[in-house]
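Notes to accompany the following structure.
The values are calculated or read from the model by the stated rules, or taken from the named source; none is laboratory data. Owing to the predicted nature of the structure, the values given are computational and were not obtained by experimental measurement. Positions of Cβ are backbone-derived with ideal geometry, glycine not excepted, and every protein chain shown enters the neighbour counts.
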């Protein structure tokens with residue numbers, strides 16, 4: 001096996017001449033490129049008798065096969081791709097002409113492609129910003145007739161998924177980095193245009209600029225890798241992903257392998273095919289792992305005498321946690337109590353205050369208990385009219401109607417950075433609020 | 001497809017069209033013909049040639065005639081022939097103007 005080594009290799013697209021020079025410098029030292037992986041390249045000792053030459057070329061041919069044939073005839077072999085640029089190496093003993101020999105045409109072509117990719121990136125960012133505005137505007141309101149607390153989309157997402165939390169934290173940095181890159185790109189294109197018009201070589205970026213921008217690119221790639229990796233603990237710990245994701249990855253990878261001629265897509269498809277079973281395994285292990293991990297919200301059930309506990313959703317992220325479950329307590333052969341819980345807990349008080357929002361005006365404080373509010377039966381005018389057609393619609397309607405009954409109570413409890421809403425059904429008349437709340441408050445003290 | 005600004009062809013454009021005057025050729029055949037014709041003076045890289053062929057085809061100066069062994073062949077269109085002849089005449093006038101002046105000054 002030949003000597004191989006890994007080297008750091010991170011350049012912006014506009015600095016591709018510097019990247020090309022680096023590959024050619026390594027070639028003169030006796031190292032040829034094997035593959036590119038993120039901001040790194042794998043090199044190996046050259047065994048051919050001549051020194052290879054590298055050329056980076058924008059990958060956008062309308063007929064890629066035709067272009068590949070022409071390049072092959074001309075003495076170039078494709079090695080790998082980095083971002084939008086294909087890396088070619090001269091065939092042994094071929095000594096081909098450079099792929100681009102018209103400076104003005106080369107500038108125009110790069111400018112057109114760079115600006116188009118900038119436009120697409122800007123559109124993508126605009127869509128994401130619109131989504132962020134939607135998240136932050138509070139337009140999503142999941143409250144129902146009981147109105148114990150408002151369930152907002154952004155806090156729900158931040159406490160549901162590690163990957164989403166990371167995207168939310170990285171997004172402003174990506175926007176800033178992208179804006180800075182656009183300014184740099186415009187400056188470099190301007191210098192290039194002036195050089196071409198004067199018949200001069202395009203100006204090269206300084207060593208400091210190359211390193212700085214290369215590092216910025218590498219950090220961007222690292223943030224993407226972190227988000228991808230976080231999907232695995234999400235699958236293990238949280239309910240954000242289901243088996244459909246693993247199936248989707250597998251289908252996508254098979255399409256990449258068999259439906260495309262592009263070697264990059266095929267390579268990514270093969271790698272994804274390895275990842276899909278791992279993702280499926282994580283999702284299948286979610287149950288045992290979740291049970292062994294307590295998280296911020298204490299373990300359920302609240303009532304030790306509950307005969308049935310249904311845990312709907314439970315998730316933990318560095319920012320927040322949430323859980324939804326129900327408990328049934330058998331009082332006698334014909335009587336039972338039903339509890340529906342929804343809990344949130346946050347890492348910081350500021351975050352908790354923002355996520356919880358104000359206490360709904362319709363709730364009344366429970367006398368003698370700090371941080372506890374109650375709501376009695378729902379008002380008749382707040383109850384929805386039945387408009388459904390399926391059995392699920394009937395079930396939901398019945399649940400809404402039960403909230404109107406006298407044996408129904410709702411509580412909102414806040415303790416520090418934790419909030420719990422409790423809907424209680426079939427409460428025995430005469431039971432005090434303190435009797436209902438005592439086991440819940442004890443559970444919260446854990 | 002003359003450059004609208006100057007209404008001329010670059011040297012590389014001229015030789016690409018010239019290489020298709022006598023017969024259809026594929027991309028690498030064009031590169032080899034130009035290299036032979038100019039004795040290596042005019043070098044057209046594969047990427048540059050690909051971009052030129054795409055533009056010429058878009059401007060209908062050349063037409064795709066078929067594929068053989070995975071290589072696309074192109075031929076000059078009537079408009080391409082006309083453009084090439086115009087450029088040839090223009091270059092001829094330039095040469096004549098230069099000859100009239102410069103030959104007088106030759107020792």
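Would you point out which residue out of A:176, A:210, A:183, A:189 is assigned to a helix (DSSP H, G or I) and within 23 Å of the chain's Cα centre (by Cα)?
A:176
Is there a residue in region A:102-120 that is surrounded by 17 or more Cβ atoms within 10 Å (Cβ to Cβ), at the interface with chain B (Cβ under 10 Å from one of its Cβ atoms) and not in a helix (DSSP H, G or I)?
Yes, region A:102-120 contains at least one residue that is surrounded by 17 or more Cβ atoms within 10 Å (Cβ to Cβ), at the interface with chain B (Cβ under 10 Å from one of its Cβ atoms) and not in a helix (DSSP H, G or I).
If I filter region A:81-95 for residues that are more than 14 Å from every other protein chain (Cβ to nearest Cβ), assigned to a loop (DSSP other than H, G, I, E, B) and surrounded by 19 or more Cβ atoms within 10 Å (Cβ to Cβ), do I get at least one hit?
Looking through region A:81-95, none of the residues is more than 14 Å from every other protein chain (Cβ to nearest Cβ), assigned to a loop (DSSP other than H, G, I, E, B) and surrounded by 19 or more Cβ atoms within 10 Å (Cβ to Cβ).
Any idea which residue in region A:308-331 is modelled with the lowest pLDDT, counting only those that are in a loop (DSSP other than H, G, I, E, B) and over 15 Å from residue A:424 (Cα atoms)? Give the steps one after another, and end with the answer.
Restricting attention to region A:308-331, the residues satisfying the condition of being in a loop (DSSP other than H, G, I, E, B) are A:317-319, A:331.
Remaining after also requiring over 15 Å from residue A:424 (Cα atoms): A:317-319.
On the way: A:317: 90, A:318: 87, A:319: 90.
So the residue we want is A:318.
I'd like to know if region A:48-63 contains one or more residues that are in contact (Cβ under 8 Å) with a residue 60 or more places away in the chain, closer than 29 Å to residue B:32 by Cβ, in contact with a strand residue (DSSP E or B) (Cβ under 6 Å, 6 or more places away or on another chain) and buried (at least 19 other Cβ atoms within 10 Å of the Cβ).
Step one: of region A:48-63, the residues in contact (Cβ under 8 Å) with a residue 60 or more places away in the chain are none.
Scanning region A:48-63 turns up no residue that is in contact (Cβ under 8 Å) with a residue 60 or more places away in the chain, closer than 29 Å to residue B:32 by Cβ, in contact with a strand residue (DSSP E or B) (Cβ under 6 Å, 6 or more places away or on another chain) and buried (at least 19 other Cβ atoms within 10 Å of the Cβ).
Give B:61, B:37, B:18, B:49 a once-over and let me know the one that is touching a residue at least 12 places away in the same chain (Cβ under 8 Å), within 11 Å of another protein chain (Cβ to nearest Cβ), surrounded by 12 or more Cβ atoms within 10 Å (Cβ to Cβ) and within 14 Å of the chain's Cα centre (by Cα). Please lay out each step first, then the result.
Numbers: B:61 fails: within 11 Å of another protein chain (Cβ to nearest Cβ); B:37 fails: within 11 Å of another protein chain (Cβ to nearest Cβ); B:18 fails: within 11 Å of another protein chain (Cβ to nearest Cβ).
Sole residue among the options that is touching a residue at least 12 places away in the same chain (Cβ under 8 Å), within 11 Å of another protein chain (Cβ to nearest Cβ), surrounded by 12 or more Cβ atoms within 10 Å (Cβ to Cβ) and within 14 Å of the chain's Cα centre (by Cα): B:49.
Can you name the condition, by its number, that residue A:69 falls short on among (1) under 16 Å from residue A:90 (Cβ atoms); (2) within 14 Å of chain B (Cβ to nearest Cβ); (3) in a helix (DSSP H, G or I)?
(1)
Here are A:21, A:57: which of them is part of a strand (DSSP E or B), under 21 Å from residue A:204 (Cα atoms), within 37 Å of the chain's Cα centre (by Cα) and not assigned by TED's automatic domain parsing to the domain that holds residue A:191?
Values: A:21 fails: part of a strand (DSSP E or B).
The match here is A:57.
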